[in-house]
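Have a look at the structure below, then the notes.
The values are calculated or read from the model by the stated rules, or taken from the named source; none is laboratory data. Computed from a predicted structure; not experimentally measured. Cβ sites come from the backbone with ideal geometry, for glycine too, and all protein chains shown count toward neighbours. What goes into the accessible areas is simple: the full protein's heavy atoms, side chains included, and nothing from ligands, DNA or RNA. Shrake-Rupley method; radii C 1.70, N 1.55, O 1.52, S 1.80 Å.
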Amino acid sequence: MNEAPTNEALAAQAKAGDREALALWEQNRGSLRIMFSRLAAACRERMDAAGVTIEDLEQEGYFAVAKAAKLYDPSAGTKFSTFLFYPVKNAFACAGGLRTER
């Protein structure tokens with residue numbers, strides 16, 4: 001039985017330009033949805049005023065994963081899923097109009 005590659009291995013592949021490593025986004029999709037749902041719940045009025053939906057945030061999540069893979073350094077001793085939170089939070093802030101820079 002083959003095990004799914006780890007986030008860290010997929011992040012290294014994506015960083016090296018391997019398009020097959022985009023499975024990293026799919027593998028983290030559930031975690032992304034949870035992160036975005038929690039962030040959106042805290043800023044519901046702002047999200048509604050900006051017309052941003054969870055589906056919009058999921059699309060932003062794809063770019064957050066790509067950015068995280070590019071910046072991730074496994075030698076820092078942090079798991080990819082932990083490192084991913086910061087690009088997700090940044091993507092959320094931009095999508096919700098809380099910040100205009102990425």
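Given +1 on the Cβ of Lys and Arg, -1 on the Cβ of Asp and Glu, and no further charges, what dipole in debye does the range 1-58 carry about its Cα centre, rounded to the nearest 20?
It works out to roughly 180 debye.
How large is Rg over Rh for the chain, taking Rg from the Cα atoms and Rh as the Kirkwood inverse mean of 1/r across Cα pairs? In the chain, Rg relative to Rh is 1.01. Taking other residues whose beta carbon is less than 14 angstrom from the beta carbon of residue 24, and scoring Lys, Arg as +1 and Asp, Glu as -1, yields +2.
Averaged over its residues, the chain has an accessible area of 64 Å² per residue, based on protein heavy atoms and a 1.4 Å probe.
Note down the net charge around residue 10, summing +1 for each Lys or Arg and -1 for each Asp or Glu among other residues with Cβ under 14 Å from its Cβ. Can you show the working numbers first?
Details: positive: 15, 19, 29, 70, 79; negative: 3, 8, 18, 20, 26.
So the environment of residue 10 carries a net charge of 0.
Per residue, the chain reaches -22000 deg cm²/dmol at 222 nm when only DSSP H runs of four or more residues are counted, each adding -39500 (n - 2.57). Charge dipole of the chain (Cα centre as origin; +1 on each Lys and Arg Cβ, -1 on each Asp and Glu Cβ, all else neutral): 300 debye, rounded to the nearest 20.
At q = 0.23 Å⁻¹, what base-10 log of I(q)/I(0) does the Debye formula yield for the range 36-92 when every alpha carbon is treated as an equal point scatterer in vacuo? The calculated log intensity ratios at q = 0.23 Å⁻¹ are -0.86.
With all protein chains in place and a 1.4 Å probe, the accessible surface of the chain carries 53 percent carbon and sulfur. Helix 80-95 and the long axis of the chain differ in direction by around 30°, with both axes built from C-alpha atoms.
Please list 35, 47 from largest to smallest accessible area, probe radius 1.4 Å, with all protein chains kept in place. The partial results should precede the final answer.
Working: 35 30, 47 0 Å².
Per-residue accessible area, sorted high to low, gives 35, 47.
If you take all other residues with their beta carbon under 12 Å from the beta carbon of residue 61, and give Lys and Arg +1 and Asp and Glu -1, the sum is -1.
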